[in-house]
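One structure is given here, and the rest of the page talks about it.
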Amino acid sequence: MTLVAILSGAGVSTDSGIPDYRGPQGLWRKDPEAEKLVTYDFYMSDPDIRRRSWLMRRDAAAWNAEPNAAHRAVAALEQSGTPVRVITQNVDGLHQRAGLSARKVVELHGTAREVVCTRCHARSAMEEALARVEAGEADPPCSVCGGILKSATVMFGERLDPQVLAEAMAITKASQVFIAVGTTLQVQPAASLAGIAVEHGARLIVVNAEPTPYDELAEETVREPIGTALPALLERLSAGGRESARRPDVSSSTSAGKGLAPYDRSTAD
């Protein structure tokens, strides 16, 4: 069967009320100073940055967010029997909450639902740390060693976990269809996965409101809203797996018409 790899970016979660970062209405465009709150060197050296970061975490829209149509469509594709792997740049956990098995989600940038100590590396639930903030601890230290706590996400200035990146690379190289959705494909090394997929023979499909550096490599580009475009695209891929691949004209897309190649790895599911 065909392995579908999905690289999901912030645009996938905007319909859930979680703002993106670099889009036309992105957080960094509205408040460039906010980037300091998730930049490792600033965070580690400035207690005021850490206090502001904890308030940002406490007030984050992610805590009240629910999976949207895009998240549910990905889970539905997997439940239909199509081998699916998600490589996500998001830290909100909404793919898993939509019903996709956690083992089929690679969180490139970690998770906002846990905290980690920068000294002893002890991990605990984010909600426990936020309860301490609510109780008056502006910058709660690690309860194990007293070190500085941070969210278990990859901040700007930190390297991706090499094992996580290796898993993402392996999935990318094994995929026959690689969908980059809701991502500007500007942040490396995640963005390079699109090119690697093409180099290894995958069909690249880009679903994003704005142009990306990898559009020229894509067999198909879709500019329609993700909440409607991704479910329609995944339904088409699912139908193509059940029957002969049928490629209807889409006015907002460009497509080349390559069929789905078989995926025969026993580890697909």
Exercise. With (1) open to solvent by less than 40 Å² (accessible area, probe 1.4 Å); (2) under 13 Å from the mean Cα position of the chain (by Cα); (3) not basic (Lys, Arg) as the list, and Ala73 as the residue in question, which single condition is left unmet?
Worked result: (2)
Problem set entry | Hits in the range 210-267 (condition: at pLDDT 80 or above, in a helix (DSSP H, G or I) and of a type in the set (D, E, K, R)) | Asp215, Glu216, Glu235, Arg236
Problem set entry | Count of residues meeting criterion [open to solvent by less than 40 Å² (accessible area, probe 1.4 Å) and either more than 14 Å from Leu7 (Cα to Cα) or in contact with a helix residue (DSSP H, G or I) (Cβ under 6 Å, 6 or more places away or on another chain) (or both)] in the range 149-173 | 8
Exercise. Would you pick out the residues in the range 37-47 that are open to solvent by less than 70 Å² (accessible area, probe 1.4 Å) and not aromatic (Phe, Trp, Tyr)?
Worked result: Leu37, Val38, Thr39, Met44, Asp46, Pro47
Problem set entry | Residue count for the range 1-36, restricted to those that are open to solvent by 20 Å² or more (accessible area, probe 1.4 Å), over 30 Å from Lys173 (Cβ atoms), at pLDDT below 65 and not basic (Lys, Arg) | 6
For this session: Output the residue which, of all residues in the range 195-209 that are part of a helix (DSSP H, G or I) and of a type outside the set (A, V, I, L, M, F, W, C), is surrounded by the most Cβ atoms within 10 Å (Cβ to Cβ).
Result: Gly195
Problem set entry | When residues of the range 48-66 are limited to those that are among the acidic types (Asp, Glu) and at pLDDT 90 or above, the one most open to solvent (accessible area, probe 1.4 Å) | Glu66
Exercise. Condition test on Glu127, is it farther than 30 Å from Ser143 by Cα and outside any strand (DSSP E or B)?
Worked result: no
For this session: Assess whether Val86 counts as being under 30 Å from Arg236 (Cβ atoms), part of a strand (DSSP E or B) and touching a residue at least 40 places away in the same chain (Cβ under 8 Å).
Result: yes
Exercise. Which members of the range 130-148 meet the condition of being surrounded by 13 or more Cβ atoms within 10 Å (Cβ to Cβ), of a type outside the set (D, E, K, R) and within 12 Å of Arg58 (Cβ to Cβ)?
Worked result: Leu130, Ala131, Val133, Ala138, Pro140
Exercise. Can you spot a residue in the range 113-135 that is closer than 20 Å to Ser192 by Cβ, acidic (Asp, Glu) and touching a residue at least 40 places away in the same chain (Cβ under 8 Å)?
Worked result: no
Exercise. How many residues does the range 89-124 hold that are in a strand (DSSP E or B) and over 13 Å from the mean Cα position of the chain (by Cα)?
Worked result: 7
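The values are calculated or read from the model by the stated rules, or taken from the named source; none is laboratory data. Predicted model only: the values in this text are computed from it and were never measured. Using ideal geometry, Cβ is built from the backbone for each residue, glycine included, and neighbour counts are taken over all protein chains shown. Just so you know, the surface numbers come from the protein's heavy atoms only, side chains and all, with ligands and any DNA or RNA stripped out. Shrake-Rupley method; radii C 1.70, N 1.55, O 1.52, S 1.80 Å.
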